Amino acid sequence: MKKIFNYINGKLVEPISGKYLDNFDPSTGKAYSHCPDSDERDVELATQAALQAFGAWSVLAPEKRSRIMLRIAELIEKNIDELAEAESIDQGKPKWLAKNGEIPRAISNIRFFGTAIEHFASEAHPMPGHAINYTLRTPIGVVGCISPWNLPLYLFTWKIAPALASGNCVVAKPSEITPMTAYLLAQICIQAGLPHGVLNIVHGLGEKVGSAITLHSQIKAISFTGGTKTGAEIARLAAPMFKKLSLELGGKNPNIIFADCNFDKMLEETLRSSFLNQGEICLCGSRIFIERSIYNKFKNAFIEKVKARVIGDPLFDTTLVGAIASKMHFEKVMSYIELAKQEGGTVLCGGNQVNPEGRCSAGWFIAPTVIEGLSFDCRTNQEEIFGPVVTIAPFDTEEEVLMFANSTEFGLAATIWTENLTLAHRMAAEIKSGIVWINCWLLRDLRTPFGGVKNSGVGREGGWEAMRFFTEPKNVCIKL
Ligand code: NDP
């Protein structure tokens with residue numbers, strides 16, 4: 001079986017414990033590789049390597065850092081087929097999705113921040129006749145980046161790219177459920193000539209490696225994407241150490257459909273926003289609210305299309321719904337479908353495990369599931385499921401749907417479908433979330449602030465927000 005190694009001080013190394021975890025292919029339910037079961041000793045080595053590298057990397061001219069990062073992006077592009085297949089096998093997502101969406105986005109992340117650093121500038125605040133202030137923005141030092149399993153390379157690079165571009169050295173931990181593409185990236189970094197110790201990747205469990213990163217006194221900032229509960233634990237541990245924190249957490253996003261929308265466009269996008277990547281995207285719209293006058297029309301058309309979605313081998317080009325990333329997550333999603341039934345919901349389609357014929361017959365597949373008949377405040381409609389499960393419900397007024405939308409403890413994203421732009425602007429202003437899409441979904445400009453409110457997170461990533469997070473501002477005041 002293929003063995004994954006840590007990437008520390010520019011080398012691929014075994015974990016100090018010598019222990020490995022099984023890494024599963026969710027489409028077959030079988031272990032297919034071994035992932036290091038690292039611990040705080042590996043994090044210590046990685047941190048020391050990063051500290052050593054920081055001196056030279058932080059003062060390297062931005063265009064030189066940029067050039068190395070662009071080389072990394074180029075090598076990812078060159079190896080896109082291998083990376084897409086690896087991501088699909090590791091995560092369960094359709095290979096075409098990895099090839100057309102996620103790996104290209106990882107390339108864009110690195111190119112975006114690798115070139116942003118050449119344009120990054122700081123402010124000056126003149127006090128006419130008295131003084132001038134200018135802001136120095138310097139890299140923080142060694143920073144920790146912890147990422148989840150749903151969009152593995154995409155989210156991993158979304159964090160490490162701005163951190164490295166702005167001159168920090170990184171100790172990173174990908175999810176132990178999907179370590180493969182971060183390992184392939186380590187090989188690419190070696191090939192691209194990234195100086196030793198600038199990026200270190202320590203594989204293993206959250207409670208060992210993740211918490212060792214969080215608790216390390218010489219790691220000065222943590223950028224985390226993952227579940228709200230884990231985010232709260234990281235904040236609890238990091239707060240007394242006064243670390244800089246960026247937390248991108250869970251969601252329970254509303255998708256609000258008004259009767260005057262462009263129905264066909266809305267229907268196609270709603271299929272995507274419900275089930276792309278098996279619904280394992282923090283931005284998926286899991287609560288669909290439909291204006292009552294078109295409720296039945298929507299329900300019939302939506303169910304017909306959901307039933308037609310091809311579930312099966314993620315390596316086939318025709319597959320629209322792949323496997324759920326892990327057995328534990330598969331069981332969690334299935335338990336929420338049971339909960340929905342107990343809460344009085346009616347499963348309109350899906351709700352069951354699927355066993356495709358052939359090599360994937362023992363994989364963790366769930367049919368895309370649509371549920372109706374639930375109140376807005378039941379657990380199914382309040383807690384994050386993070387799988388191919390959506391609820392649908394009618395609404396009568398703008399005020400009512402706003403109350404439904406804002407009723408959860410989350411506030412990551414929302415989607416609004418209407419041709420009435422006055423209404424759309426009004427709703428967008430009132431919805432409590434970090435992102436609002438009007439007549440679209442997942443349309444992303446990397447310059448825009450990205451993040452959530454309430455329990456969906458603290459801080460923003462993307463564009464200058466990320467570059468500011470990964471630098472420390474210092475005001476210098478000169479008396480004239
Ligand atoms: P988790 O919170 O379980 O894990 C995220 C990462 O944190 C993993 O690398 C995990 O390691 C690690 N980790 C676990 N425990 C600790 C700990 N005590 N200290 C430090 N690190 C730890 O999230 P999932 O991987 O299950 O990802 C799904 C969640 O991520 C969903 O809630 C989803 O909404 C959210 N998400 C948010 C996004 C956003 O931008 N807001 C984007 C994508 C996902 P290990 O895997 O070994 O447990």
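The values are calculated or read from the model by the stated rules, or taken from the named source; none is laboratory data. Source: prediction; values computed, not measured. Every residue, glycine among them, receives a Cβ derived from its backbone with ideal geometry; neighbour counts consider all protein chains shown. Heavy atoms of the whole protein, side chains included, go into the accessibility calculation; ligands, DNA and RNA do not. Shrake-Rupley method; radii C 1.70, N 1.55, O 1.52, S 1.80 Å.
Tell me, yes or no, whether region 299-309 has at least one residue that is outside any helix (DSSP H, G or I) and surrounded by 22 or more Cβ atoms within 10 Å (Cβ to Cβ).
Scanning region 299-309 turns up no residue that is outside any helix (DSSP H, G or I) and surrounded by 22 or more Cβ atoms within 10 Å (Cβ to Cβ).
Among the residues of region 258-269, is there at least one that is within 23 Å of the chain's Cα centre (by Cα), charged (D, E, K, R), more than 11 Å from the ligand (Cβ to nearest atom) and within 30 Å of residue 41 (Cβ to Cβ)?
no
Conditions tested, residue by residue: (1) closer than 21 Å to residue 395 by Cα; (2) in contact (Cβ under 8 Å) with a residue 12 or more places away in the chain.
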site	(1), (2)
229	no, no
234	no, yes
239	no, no
247	no, yes
250	no, yes
253	yes, yes
256	yes, yes
261	yes, yes
275	no, yes
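Return the residues of region 416-437 that are in contact with a helix residue (DSSP H, G or I) (Cβ under 6 Å, 6 or more places away or on another chain) and under 28 Å from residue 111 (Cβ atoms); say none if nothing qualifies.
Of everything in region 416-437, just one residue is in contact with a helix residue (DSSP H, G or I) (Cβ under 6 Å, 6 or more places away or on another chain) and under 28 Å from residue 111 (Cβ atoms), namely 436.
Of all residues in region 281-307, which are in contact with a Leu (Cβ under 9 Å, 6 or more places away or on another chain) and among the small types (Gly, Ala, Ser)?
Scanning region 281-307 gives a single hit, 301.
Residue under question is residue 64, and the condition is that it be over 25 Å from residue 120 (Cα atoms), in a helix (DSSP H, G or I) and at pLDDT 95 or above; does it hold?
Judged against the criteria, residue 64 is not a match.
Would it be correct to say that residue 272 is within 30 Å of residue 103 (Cβ to Cβ), more than 13 Å from the ligand (Cβ to nearest atom) and assigned to a helix (DSSP H, G or I)?
Answer is yes for this residue.
Could you give me the residue pairs with C-beta distances under 9 Å whose first residue belongs to region 16-38 and is farther than 25 Å from residue 322 by Cβ, whose second residue is open to solvent by 40 Å² or more (accessible area, probe 1.4 Å) and among the aromatic types (Phe, Trp, Tyr) wherever it lies, and which are 6+ apart or on separate chains?
Short answer, once both residue conditions are applied: 36/5; 36/20; 37/20.
Going by the conditions given, is residue 360 within 12 Å of residue 388 (Cα to Cα), in contact (Cβ under 8 Å) with a residue 40 or more places away in the chain and either exposed (fewer than 14 other Cβ atoms within 10 Å of the Cβ) or over 24 Å from the mean Cα position of the chain (by Cα) (or both)?
No; evaluated as a whole, the condition is false for this residue.
Quick check on region 231-251: of everything there that is surrounded by 21 or more Cβ atoms within 10 Å (Cβ to Cβ) and in a helix (DSSP H, G or I), which residue is nearest to the ligand (Cβ to nearest atom)?
234
Please tell me if residue 339 is under 25 Å from residue 95 (Cα atoms) and of a type in the set (A, V, I, L, M).
no
Output the residues belonging to region 320-335 that are within 13 Å of the ligand (Cβ to nearest atom) and open to solvent by less than 60 Å² (accessible area, probe 1.4 Å).
Within region 320-335, 324, 325, 326, 329, 330, 333 qualify.
May I ask you to verify whether residue 117 is in contact (Cβ under 8 Å) with a residue 12 or more places away in the chain, of a type in the set (A, V, I, L, M, F, W, C) and within 20 Å of residue 60 (Cα to Cα)?
Judged against the criteria, residue 117 is a match.
Of 33, 17, which residue is open to solvent by less than 10 Å² (accessible area, probe 1.4 Å) and touching a helix residue (DSSP H, G or I) at 6+ places or on another chain (Cβ under 9 Å)?
33
Return the residues of region 205-222 that are under 21 Å from residue 465 (Cβ atoms), in contact with a helix residue (DSSP H, G or I) (Cβ under 7 Å, 6 or more places away or on another chain) and away from the ligand (no atom under 11 Å from the Cβ); say none if nothing qualifies.
Selection gives 219 alone.
Considering only region 373-398, how many residues are surrounded by 19 or more Cβ atoms within 10 Å (Cβ to Cβ) and either of a type in the set (A, V, I, L, M) or outside any loop (DSSP other than H, G, I, E, B) (or both)?
Of the residues in region 373-398, 10 are surrounded by 19 or more Cβ atoms within 10 Å (Cβ to Cβ) and either of a type in the set (A, V, I, L, M) or outside any loop (DSSP other than H, G, I, E, B) (or both).
Show me the strands (runs of 3 or more DSSP E) entirely contained within region 105-204 in which 3 or more residues are of a type outside the set (D, E, K, R) and buried (at least 24 other Cβ atoms within 10 Å of the Cβ).
It comes to 142-146, 169-173, 199-201.
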